[in-house]
Amino acid sequence: MSKPRLWITRKLSDNTEARAKRDYDVVLNPSDALSTADDIVRMSAEVDAIIPCHSEVFDEATVSRLDNRLKIVANHSVGVDHCDLNAFAKKGICVTNTPDVLSDATAEIAMLLLLGAARRAAEGDAMVRGGDWQSWSPSFMVGTQVTGKRLAIIGMGRVGQVMAKRATGFDMQVHYHSRNRLESDKEQGATYHSSLESLLSNADFLSLHCPATDQTKGLINKDTLAMLPDGAILVNTARGALVDEAALLDALESGKLAAAGLDCFATEPGGNPLFASHKNIMMLPHIGSATFETRDAMGFRALDNLDAFFAGIKPTDKLV
Ligand code: DGY
């Protein structure tokens, strides 16, 4: 029997591509070029399956134009805000994602940004690197201590739970708000808040770990930022769409927020140029899951979902 034809839209890890080549008639993208909606529609007539990343947009208009040959979109991402799942359901195309395997890597970046924003790491690095470190005194580069502070988490899913665990290593007191309260063994001592307002009033640090949906887009805005204690620090490793960036800038400029650590932006790639002059923002280019181990694990998880689908078994991570 001939192998299903698979298009992998971006350059994935060598191990992922080797396994894909072994098991599928695979179309790779060695140049790693981005695909347009027209490319996606054209390729959908040539393949049975696509492994895309969050960089390929499957909005309603694009999904409605997909060819009937395409049977499954096995995302190489946990977030699926780039996919209109209702449109896929209408088309009868299966959609999967890659949960679990990137939780450790993403929590590492969240912790890095939390620590870096609190202790002015980006500012200090730029100063030393730029040859601008000219003096030292006890009042120099003083930041916010992390140990023992309250960490508020929005979205206590897989990444949020790992973040909570890592934070306890710094003796932080973890508070959270999520769609559902966790079972007590999973809470591991964290305090649940049924309202966002109650959570935010307890946030020395606020870390976002919820998906970007119609309900959560713009969740961090002028009103919710005002609910934070003065001098709080925001960390976002989830999605840029969760944050109203103009309101965030206002809060940083007024001193309402002491700092922010951002791995995600409303506009990606690129970020927000208005952030560049603010030394109290530590920024990374959406690399939460970018470790060698996690890239292999994400690729393998996407392939596991494809293998199950083509074996006639429901993929573990089937969303549609
Ligand atoms: C994800 O998996 O959603 C990460 O943001 C990388 O795409």
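Count, please, the residues in the stretch 100-117 that happen to be open to solvent by 10 Å² or more (accessible area, probe 1.4 Å), in a helix (DSSP H, G or I), of a type outside the set (Ser, Thr, Tyr) and within 14 Å of the ligand (Cβ to nearest atom). Total meeting the criteria: 3. The residue list LEU252, LEU234 contains one member that is away from the ligand (no atom under 16 Å from the Cβ) and either over 17 Å from the mean Cα position of the chain (by Cα) or assigned to a loop (DSSP other than H, G, I, E, B) (or both), which is LEU252.
Can you say whether ASN221 is touching a helix residue (DSSP H, G or I) at 6+ places or on another chain (Cβ under 9 Å) and of a type outside the set (Gly, Ala, Ser), as far as the supplied structure shows?
Values: touching a helix residue (DSSP H, G or I) at 6+ places or on another chain (Cβ under 9 Å): yes; of a type outside the set (Gly, Ala, Ser): yes.
Yes; evaluated as a whole, the condition is true for this residue.
With respect to ASN97, is the statement that it is under 23 Å from ASP304 (Cα atoms) and within 13 Å of the ligand (Cβ to nearest atom) true? Yes, satisfied.
Out of ALA61, ALA89, ALA20, I need the residue that is among the hydrophobic types (A, V, I, L, M, F, W, C), in a helix (DSSP H, G or I), closer than 23 Å to ASP304 by Cα and open to solvent by 20 Å² or more (accessible area, probe 1.4 Å). Which one?
ALA89 is the lone residue from the list that is among the hydrophobic types (A, V, I, L, M, F, W, C), in a helix (DSSP H, G or I), closer than 23 Å to ASP304 by Cα and open to solvent by 20 Å² or more (accessible area, probe 1.4 Å).
Scanning the stretch 298-315 for residues that are more than 16 Å from the ligand (Cβ to nearest atom) and not in a loop (DSSP other than H, G, I, E, B), we see that the one that is nearest to SER77 (Cα to Cα) is LEU306. Residues in the stretch 29-58 that are open to solvent by 60 Å² or more (accessible area, probe 1.4 Å) and of a type outside the set (D, E, K, R): PRO30, SER31, LEU34, THR36, HIS54, VAL57.
Looking at ARG150, ARG166, which is the one that is in contact with a strand residue (DSSP E or B) (Cβ under 6 Å, 6 or more places away or on another chain), within 30 Å of GLN215 (Cβ to Cβ) and not aliphatic (A, V, I, L, M)?
On the way: ARG166 fails: in contact with a strand residue (DSSP E or B) (Cβ under 6 Å, 6 or more places away or on another chain).
The match here is ARG150.
Taking the stated definitions as given, is SER13 in contact (Cβ under 8 Å) with a residue 40 or more places away in the chain and within 16 Å of the ligand (Cβ to nearest atom)? Yes: the conditions hold for SER13. I'd like the full set of residues that are exposed (fewer than 15 other Cβ atoms within 10 Å of the Cβ) and under 17 Å from VAL146 (Cα atoms), limited to the stretch 169-200. Matches in the stretch 169-200: GLY169, ASP171.
Would you confirm, using the coordinates I've provided, whether ARG69 is touching a helix residue (DSSP H, G or I) at 6+ places or on another chain (Cβ under 8 Å) and over 27 Å from VAL162 (Cβ atoms)? Considered against the rule, which asks whether it is touching a helix residue (DSSP H, G or I) at 6+ places or on another chain (Cβ under 8 Å) and over 27 Å from VAL162 (Cβ atoms), ARG69 comes out as yes. For the stretch 253-270, the tally of residues that are of a type outside the set (S, T, N, Q) and surrounded by fewer than 20 Cβ atoms within 10 Å (Cβ to Cβ) stands at 7. Annotation: of all residues in the stretch 271-305 being crowded, with 18+ Cβ neighbours inside 10 Å and among the aliphatic types (A, V, I, L, M), the one that is farthest from ASP23 (Cα to Cα) is ILE281. Residues in the stretch 23-58 that are in a helix (DSSP H, G or I) and charged (D, E, K, R): 4 in all.
Annotation: THR62 fulfils all but one of (1) closer than 13 Å to VAL41 by Cβ; (2) within 13 Å of the ligand (Cβ to nearest atom); the unmet one is (2). Scan the stretch 143-156 for residues that are part of a loop (DSSP other than H, G, I, E, B) and crowded, with 20+ Cβ neighbours inside 10 Å and the total you get is 3.
Could you grab me the full set of residues in the stretch 255-269 that are away from the ligand (no atom under 16 Å from the Cβ) and without any contact (Cβ under 8 Å) to a residue 24 or more places away in the chain?
From the stretch 255-269, those away from the ligand (no atom under 16 Å from the Cβ) are 255-260; that's our starting set.
Those that are away from the ligand (no atom under 16 Å from the Cβ) and without any contact (Cβ under 8 Å) to a residue 24 or more places away in the chain: none in the stretch 255-269.
If you go through the stretch 205-254 and pick out every residue that is among the small types (Gly, Ala, Ser), over 20 Å from MET111 (Cβ atoms) and without any contact (Cβ under 8 Å) to a residue 40 or more places away in the chain, you end up with 6. Selection of first residues in the stretch 53-79 that are touching a residue at least 40 places away in the same chain (Cβ under 8 Å) and of second residues that are open to solvent by less than 20 Å² (accessible area, probe 1.4 Å) and away from the ligand (no atom under 14 Å from the Cβ), restricted to Cβ pairs under 6 Å at least 6 apart or on distinct chains, gives the following pairs, ordered by first then second residue: ILE72/ALA49; ILE72/CYS94; ALA74/LEU306. Any residue that is part of a strand (DSSP E or B), at negative phi and more than 12 Å from the ligand (Cβ to nearest atom) - is there at least one of those in the stretch 75-83? No; the residues of the stretch 75-83 include none that is part of a strand (DSSP E or B), at negative phi and more than 12 Å from the ligand (Cβ to nearest atom).
The values are calculated or read from the model by the stated rules, or taken from the named source; none is laboratory data. Please read all numbers here as calculations on a predicted model, not as lab measurements. When we count neighbours, we look across all protein chains shown, and the Cβ atoms used for this are built from the backbone with ideal geometry, even at glycine. Note: areas computed on protein heavy atoms with side chains; ligands, DNA, RNA excluded. Shrake-Rupley method; radii C 1.70, N 1.55, O 1.52, S 1.80 Å.
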